[in-house]
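Scroll down for the structure; my scribbles are underneath it.
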Amino acid sequence: MKRSLVLINYRSASLAIDAIRTARASSSQPLQVVAVDNSPDASEASALCSIADVVIAAPRNLGYAGGINAGRRACDGDVIIVTNPDIRFGGNAIDALVDADAAVAGPALFWDEGYVWRLPPAELHTARQVASRALASRSRAWARARDRRRFFARVAFWSLAAPSRVRTLSGAVLAIKAKAFDDAQGFDERFQLYFEENDFLRRVAGDIVYVPAARCHHLYNQSAGESSASAALYAQSESQYLRKWGGGFAKQFERRRDSPVPPISTDRMHERGPRAFSGGVVIEASPLPTFETAAGHFATNLISDVPDDVWRVYRGDVLYLRAVDRRSGRVLESWAKARIPA
């Protein structure tokens, strides 16, 4: 099957060039590359001309959904791989995604260059999930039970070794059959940023498959722009998504982040250096003390710490870590790690 890559760029040309380079290397077949530049600076599009087959300089910021739709019109592939610029494709990753022969396929995403720290699975953001999160914001008991359930869900996802059907995937990288894309009428451009993949995956016909053999390094959250603008776009997209798919009523009962239930994982949290853990333990790291979202890896008698390459791209000043018993879900120890000033 012919393959096309659609990359959406926004002020990230240097990242995009590396993403395209690794994408070409991960495909044993010719890969048409279509780069859509949403940047206001014309030099961004110019920089991409040296490596992409087609460069579309958008007259305005089309957003991720709009950029994908614009790029699709220039594609001649039977499979369209859409990607952020902050992705590094591992060896044969695109081959593995195409070989899955699914309507939509997604790779295993890792936080580090060594493919040790796995990023959390995507969530569909259903009305039930929104209601559960709202309850957790008001009840410590519910928050603890929910945290344990979410931990087990992450471990189950991270443990998958063969292509598996799932309900949703991260929008950072999606391999979509052109027919499935067109039958779903593409992405809903009302979602300027965030939730566009959730909406698309709820509308697409056919199997949605997670492919663990397709490994990618995600330089997490490097291409979304300024944090304040991103937060506003997230809130706007979430509101639109909940109006479309349900959950808006439950959202009204969620406590604001500036008045949360006390964090559920910080009872014994302290700042210290890394230590060794035996097998059967999962180490998780999160920007949030509640571990609402978390990357993780399975400890194997190694000293557990966040790699330097993660710290280089992490935008916060503190990471929260914890060691969790894999079988029981019991938190064995929690600690915080602060960025070392340059």
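The values are calculated or read from the model by the stated rules, or taken from the named source; none is laboratory data. Keep in mind that this is a model prediction, so the values were computed, not measured. Every residue, glycine as well, gets a Cβ built from its backbone with ideal geometry; the counts of neighbours run over all protein chains shown.
If the condition is being over 19 Å from Arg3 (Cβ atoms), free of Cβ contacts under 8 Å to residues at least 24 places away in the same chain and of a type in the set (A, V, I, L, M, F, W, C), then the stretch 46-89 contributes Cys49, Ala57, Ala58. Of the set (1) modelled with pLDDT under 85; (2) surrounded by 12 or more Cβ atoms within 10 Å (Cβ to Cβ), all apply to Ala294 but (1). Scanning the stretch 32-54 for residues that are assigned to a loop (DSSP other than H, G, I, E, B) and surrounded by fewer than 16 Cβ atoms within 10 Å (Cβ to Cβ) yields a total of 4. For first residues located in the stretch 139-163 and on the phi < 0 side of the Ramachandran plot, partners that are among the hydroxyl-bearing types (Ser, Thr, Tyr) and in a helix (DSSP H, G or I) and lie 6+ apart or on another chain with Cβ distances below 9 Å form the pairs Trp142/Ser132; Arg146/Ser132; Arg149/Ser132.
Kindly list, by first and then second residue, each pair from a residue in the stretch 234-248 that is farther than 17 Å from Arg128 by Cβ to a residue that is of a type in the set (Gly, Ala, Ser), limited to pairs with Cβ atoms under 8 Å and residues at least 6 apart or on different chains. Listed by first residue and then by second, the contacts come to Ser239/Gly248.
Looking across the stretch 156-213 at every residue that is small (Gly, Ala, Ser) and assigned to a strand (DSSP E or B), the one that is nearest to Asn61 (Cα to Cα) is identified as Ala175.
Residue check: is Arg118 charged (D, E, K, R) and either under 15 Å from Glu254 (Cα atoms) or free of Cβ contacts under 8 Å to residues at least 12 places away in the same chain (or both)? I'd like the intermediate steps shown before the answer.
Values: charged (D, E, K, R): yes; either under 15 Å from Glu254 (Cα atoms) or free of Cβ contacts under 8 Å to residues at least 12 places away in the same chain (or both): no.
So Arg118 fails the test.
I'd like the full set of residues that are of a type in the set (Asp, Glu) and assigned to a helix (DSSP H, G or I), limited to the stretch 120-155. Of everything in the stretch 120-155, just one residue is of a type in the set (Asp, Glu) and assigned to a helix (DSSP H, G or I), namely Asp147.
Number of residues in the stretch 210-236 that are modelled with pLDDT of 95 or more and crowded, with 20+ Cβ neighbours inside 10 Å equals 7. For the stretch 64-78, state whether one or more residues are surrounded by fewer than 24 Cβ atoms within 10 Å (Cβ to Cβ) and in contact with a His (Cβ under 8 Å, 6 or more places away or on another chain). The answer is no, given that none of the residues of the stretch 64-78 is surrounded by fewer than 24 Cβ atoms within 10 Å (Cβ to Cβ) and in contact with a His (Cβ under 8 Å, 6 or more places away or on another chain). Please tell me if Ala96 is in contact with a helix residue (DSSP H, G or I) (Cβ under 9 Å, 6 or more places away or on another chain), touching a residue at least 40 places away in the same chain (Cβ under 8 Å), among the small types (Gly, Ala, Ser) and closer than 22 Å to Arg215 by Cα. The answer is no for Ala96.
Considering (1) in contact with a Cys (Cβ under 9 Å, 6 or more places away or on another chain); (2) without any contact (Cβ under 8 Å) to a residue 12 or more places away in the chain, the lone condition that Ala178 does not fulfil carries the number (2).
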